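What follows is a single structure, written as structure tokens, with notes after it.
The values are calculated or read from the model by the stated rules, or taken from the named source; none is laboratory data. The structure displayed is predicted, hence computed values, not measured ones. Quick reminder, even Gly has a Cβ in these numbers, built from the backbone with ideal geometry, and neighbours come from all protein chains shown.
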Amino acid sequence: MRVIGFPSFRQHGAPAARTRDWIAIGVLGLAAVLRLAAIFGLRSYLTTETAYEHHVIATNLIMGRGFSFPFFGPAVPNSQQAPFVPLLLAACYAMFGVGRPLALLLFQVIATAASLVTVYGVSEIARRIGGDRPGLLAGFGCAVYPPFVISVTHIQAVPFVTAWLVLMVLWGFRTAEDFRPRNLVILGVWAALGALTDPILLLPAALTLGYLGIVLKPRAGWSGVARCVGLMVSVVMLATMPWTIRNWVVHQRLVPIKDSFWYVLWQGNGPEASGTDKLMHPQRESDPQPSVMDLAGRHRMLLRERRRSVSVDSVLPAEFRARLAQLPTEIERMDAFGVLIRDFLRENPGHYLRMCWRRLNYFIAFDPTNPKSSHPLYRLSYLATAALGLVGVVVAGSDRRLLTLIYGGIAGIALPSILIITSARFRLPAEAFLIVLGAVGVARLMSALNHRVGMRPAG
């Protein structure tokens, strides 16, 4: 049964549908070509520099040392990172060798597949909101969007986080049309994969589920809402339970996914915090600029600039570092950060509010502590996407209710970035929805323009 206001997926005849499907396949092909060209053009599979903690954990897994990381002390079993990316990277290392180019290439090809899922999902969401034209525009925009193309050249969670988030919202639309248990189970699977990749995705999952509860309440009452909520939550809990049990064995306490909350809260809000995990770096003379066509050279230059960034960890007092090193487990070191940041924020509540305001500005605009966010290609593409997204919000008119799931996805990504810590890459999943909004807005403006031209009297 369809909910009034949600457009049907099949609105045209078979020939039009076939044409649309072939165009959609072409868009996916374009997206794949661009991402693979970026990987091979930048030769990003030749370095583990963008893998950060994931590389260390994956290496330790292969070497038989378990899921461990040297967090301010000896490497011990830890939960500093969500398991999906390190385990996937470890599987690639198991096949082709630790840090080997083929292993890194395999990971980046898998990330490319996840990015193609994002292209498909964004296109489908826009089609459900506005029809075929915004669907194709959104798919094309997502396929060529430079930050999405470049994101697959890093060993990071962003391509997967974006894919799971987009699939959650897409299945939110599908479930609003049809509350069959199968759709709720699939929605729960995407939420569980999101949680195992980055727990912040539990917030947009909860917002999506809340919206579905509002839609279902008039039709099935509170008992129907409770059954749907219980089914989806059960799927998420069952899927994440093995990792939660592992964390209980390791830490002797309940740690659903990660235990790093107090640490990242300190990084983003400590006495000398910038709002990100990096300090404001002083202006320095830049290296000689590679030519415009030397993409690999420009990529290496950005990596060098990133290496020069100073971690906020560097301002930790020496005596606190020494105390951390003496603590036997990671969870105890995280507890120490909890005491440190809670004491500081109790004494300086205004500081936390200033940090939140600063992170809000970073989230809307750019992160000055990350050299990559200053690259003209990223800035221009984001500004254009944000402007078109704003147009989409303005011209949505009476269809704004259809965008509730979109706004929930953006809010679910934005709130942790504003309240805890942020980084340039944290905003990328929300930018997928800016593309949706922009495609809807452009399509509406094109339709209005065509209508005005068609109504003009012949002269």
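See the values below:
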item: The stretch 34-61, residues that are part of a helix (DSSP H, G or I), buried (at least 16 other Cβ atoms within 10 Å of the Cβ) and touching a helix residue (DSSP H, G or I) at 6+ places or on another chain (Cβ under 6 Å); result: LEU34, ARG35, ALA38, ILE39, LEU42, TYR45, HIS54, ILE57, ALA58, LEU61
item: Residue satisfying condition, being more than 30 Å from ARG227 (Cβ to Cβ) and among the β-branched types (Val, Ile, Thr), within set VAL158, VAL189; result: VAL158
item: Test result for GLY230, part of a helix (DSSP H, G or I), out of contact with any Lys or Arg (no Cβ under 6 Å at 6 or more places or on another chain) and more than 17 Å from ALA205 (Cα to Cα); result: no
item: Per-region count, the stretch 84-121, residues without any contact (Cβ under 8 Å) to a residue 24 or more places away in the chain and under 30 Å from ALA439 (Cα atoms); result: 2
item: Options GLN81, GLN11; residue that is in a loop (DSSP other than H, G, I, E, B), modelled with pLDDT under 95 and under 23 Å from ILE200 (Cβ atoms); result: GLN81
item: Residue in the stretch 383-406 that is loosely packed, with under 15 Cβ neighbours inside 10 Å, at pLDDT 90 or above and out of contact with any helix residue (DSSP H, G or I) (no Cβ under 9 Å at 6 or more places or on another chain) present; result: yes
item: Subset tally (residues that are farther than 15 Å from ALA430 by Cα and among the hydrophobic types (A, V, I, L, M, F, W, C)) for the stretch 165-220; result: 22
item: Subset of the stretch 311-321 (residues that are surrounded by 12 or more Cβ atoms within 10 Å (Cβ to Cβ) and assigned to a helix (DSSP H, G or I)); result: VAL312, ASP313, VAL315, PHE320, ARG321
item: Test: residue in the stretch 162-171 that is among the hydroxyl-bearing types (Ser, Thr, Tyr) and not in a helix (DSSP H, G or I); result: no
item: Search result, residues across the stretch 256-272 that are within 16 Å of PRO416 (Cα to Cα) and either surrounded by fewer than 20 Cβ atoms within 10 Å (Cβ to Cβ) or at pLDDT below 90 (or both); result: PHE261, TRP262, VAL264
item: Residue check, ALA220 within 23 Å of THR404 (Cβ to Cβ), in a helix (DSSP H, G or I), of a type in the set (Gly, Ala, Ser) and in contact with a Cys (Cβ under 9 Å, 6 or more places away or on another chain); result: yes
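For every residue, the table says whether it meets (1) among the aliphatic types (A, V, I, L, M); (2) touching an Asp or Glu at 6+ places or on another chain (Cβ under 9 Å); (3) modelled with pLDDT of 95 or more; (4) within 30 Å of ALA37 (Cα to Cα).
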position	(1), (2), (3), (4)
ALA143	yes, no, yes, yes
LEU170	yes, yes, yes, yes
PHE173	no, yes, no, no
ASP178	no, no, no, no
VAL189	yes, no, yes, no
LEU209	yes, no, no, no
ILE214	yes, no, no, no
